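Colleague: Provided herewith is a single structure, encoded as structure tokens, for subsequent inquiry.
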Ligand code: H2U
Ligand code: ZN
């Protein structure tokens, strides 16, 4: 018989938020850090690019000109993946050929007029303005749509077509797969335990500290026990909050501070502007009781060992279930150990 160890033996970890498992193979990665530090040349971007469709004053694909905005700028995506159409008849459906045709709307949010600055390079007060836009959009779109998905795809590795710092917001009148799984788990947990799954989880991680990256008075950033992506993290509020617009001003400032520090650590990991998909999950909108919900953000970065070596979701992952070698604890320790000062230096220097 062998004495089981989280750091030596393959095991599956359960993700209670979506009711799925992830296979961990830590024995394949026994040395704490194998990453060779290669220096990828820094991309020097201009503060303004006349060819960029997101820069102030420039023309977009649909012929519109962007205003000469000074802070943030929101516009309807010219190639919206969802359309706000009402159909009188959407056809027959068969139980094996089910479909629906959700109404929706897609927006693009420019974080700053500066073409060359990513979120962690913005000042805290500028990040706060971005949080205000997210929050206002959730309020506005939430009046018409049940699900408002705020997300940022950053970097070419994530399929982002333009380095100008921006995110997207897609709103639709049904709840998509991931939040729908979360809704079920959060509700079942509340019914069974009489408490909130993510608040309980936040408190547990705050006590244990093994997977904490950083925290402040209002927020915790943690590599979840059940992480799939090598340096995946979650941002959790320390009180019960359903939606971004429910945050008070102090909590929004505090979030700006946490985001800047967290994303700076990511950039400092391989001295590269770290690619990721980040998204916010708040309670669905509408009059139903969503007390079982808890606002949170997921950050899914694809990089594994260096600025160029990424994790692929292939083979076993697509055929069976997600798998990782690096443990969540190792990833958290690595991120925790990094500086909160951006490797590129202060932008005013
Ligand atoms: P990503 O690079 O993160 O995909 O975002 C760019 C978005 O901007 C993309 O969804 C939209 C694309 O549809 N876009 C416009 O709305 N107008 C344009 O002129 C070009 C791109
Ligand atoms: Zn630009």
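The values are calculated or read from the model by the stated rules, or taken from the named source; none is laboratory data. Everything numeric in this text was worked out from a predicted model, so none of it was measured. Don't worry about glycine lacking a Cβ; one is built from the backbone with ideal geometry, like all the others, and counts go over all protein chains shown.
Colleague: Is it the case that the range 109-119 has a residue that's within 16 Å of the chain's Cα centre (by Cα), touching a residue at least 24 places away in the same chain (Cβ under 8 Å) and over 23 Å from residue 57 (Cα atoms)?
Modeller: So far as the range 109-119 goes, no, none of its residues is within 16 Å of the chain's Cα centre (by Cα), touching a residue at least 24 places away in the same chain (Cβ under 8 Å) and over 23 Å from residue 57 (Cα atoms).
Colleague: Would it be correct to say that residue 217 is out of contact with any strand residue (DSSP E or B) (no Cβ under 6 Å at 6 or more places or on another chain), more than 28 Å from residue 23 (Cα to Cα), at pLDDT 95 or above and surrounded by fewer than 17 Cβ atoms within 10 Å (Cβ to Cβ)?
Modeller: The answer is yes for residue 217.
Colleague: If you don't mind, another one. Those residues that are touching a helix residue (DSSP H, G or I) at 6+ places or on another chain (Cβ under 8 Å) and modelled with pLDDT under 95, I need them from the range 287-314; list them, please.
Modeller: 302, 303, 310
Colleague: Also, I was wondering about something else. What about residue 70, is it more than 16 Å from ligand 1 (Cβ to nearest atom) and either in a strand (DSSP E or B) or at pLDDT below 95 (or both)?
Modeller: The answer is no for residue 70.
Colleague: Go through 165, 113, 120 for me and flag whichever is out of contact with any strand residue (DSSP E or B) (no Cβ under 9 Å at 6 or more places or on another chain) and crowded, with 20+ Cβ neighbours inside 10 Å.
Modeller: Just one listed residue meets the conditions, 120.
Colleague: Within the range 301-339, can you find the residues that are touching a strand residue (DSSP E or B) at 6+ places or on another chain (Cβ under 6 Å), farther than 24 Å from residue 235 by Cβ and buried (at least 18 other Cβ atoms within 10 Å of the Cβ)?
Modeller: Within the range 301-339, 323 is the sole residue that qualifies.
Colleague: From the list 139, 206, which one is surrounded by fewer than 17 Cβ atoms within 10 Å (Cβ to Cβ), touching a residue at least 60 places away in the same chain (Cβ under 8 Å) and not in a loop (DSSP other than H, G, I, E, B)?
Modeller: Checking each option against the conditions leaves just 139.
Colleague: For the range 26-51, how many residues meet the condition of being at pLDDT 75 or above and either under 21 Å from residue 5 (Cβ atoms) or within 16 Å of ligand 1 (Cβ to nearest atom) (or both)?
Modeller: 8
Colleague: Give the residues of the range 118-128 that are closer than 24 Å to residue 51 by Cβ, away from ligand 1 (no atom under 16 Å from the Cβ) and assigned to a loop (DSSP other than H, G, I, E, B), sorted by residue number.
Modeller: The answer is 122, and nothing else.
Colleague: Could you check residue 312 against (1) part of a helix (DSSP H, G or I); (2) under 24 Å from residue 178 (Cα atoms); (3) free of Cβ contacts under 8 Å to residues at least 40 places away in the same chain and say which number it fails?
Modeller: (1)
Colleague: For the structure I just gave you, tell me whether residue 58 is away from ligand 2 (no atom under 14 Å from the Cβ) and either within 27 Å of residue 127 (Cβ to Cβ) or in contact (Cβ under 8 Å) with a residue 60 or more places away in the chain (or both).
Modeller: On the way: away from ligand 2 (no atom under 14 Å from the Cβ): no; either within 27 Å of residue 127 (Cβ to Cβ) or in contact (Cβ under 8 Å) with a residue 60 or more places away in the chain (or both): yes.
Considered against the rule, which asks whether it is away from ligand 2 (no atom under 14 Å from the Cβ) and either within 27 Å of residue 127 (Cβ to Cβ) or in contact (Cβ under 8 Å) with a residue 60 or more places away in the chain (or both), residue 58 comes out as no.
Colleague: Can I ask one more? Mind checking whether some residue in the range 120-133 is farther than 22 Å from residue 284 by Cβ, within 16 Å of ligand 2 (Cβ to nearest atom) and without any contact (Cβ under 8 Å) to a residue 24 or more places away in the chain?
Modeller: Within the range 120-133, not a single residue is farther than 22 Å from residue 284 by Cβ, within 16 Å of ligand 2 (Cβ to nearest atom) and without any contact (Cβ under 8 Å) to a residue 24 or more places away in the chain.
Colleague: Right, next: Please enumerate the residues belonging to the range 315-328 that are in a helix (DSSP H, G or I) and either in contact (Cβ under 8 Å) with a residue 24 or more places away in the chain or under 17 Å from residue 277 (Cβ atoms) (or both).
Modeller: Those that are in a helix (DSSP H, G or I) and either in contact (Cβ under 8 Å) with a residue 24 or more places away in the chain or under 17 Å from residue 277 (Cβ atoms) (or both): 316, 317, 328.
Colleague: Taking only the range 85-110 into account, find how many residues are over 14 Å from residue 173 (Cα atoms) and either at pLDDT 95 or above or surrounded by 10 or more Cβ atoms within 10 Å (Cβ to Cβ) (or both).
Modeller: Number of matching residues: 5.
Colleague: While we're here: Given the criterion at pLDDT 95 or above, within 24 Å of residue 141 (Cβ to Cβ) and away from ligand 1 (no atom under 14 Å from the Cβ), identify the matching residue among 23, 82, 54, 17.
Modeller: 17
Colleague: Taking residue 261 and the conditions (1) modelled with pLDDT of 95 or more; (2) part of a loop (DSSP other than H, G, I, E, B), which numbered condition does it fall short on, given that it satisfies the others?
Modeller: That leaves (2) as the condition not met.
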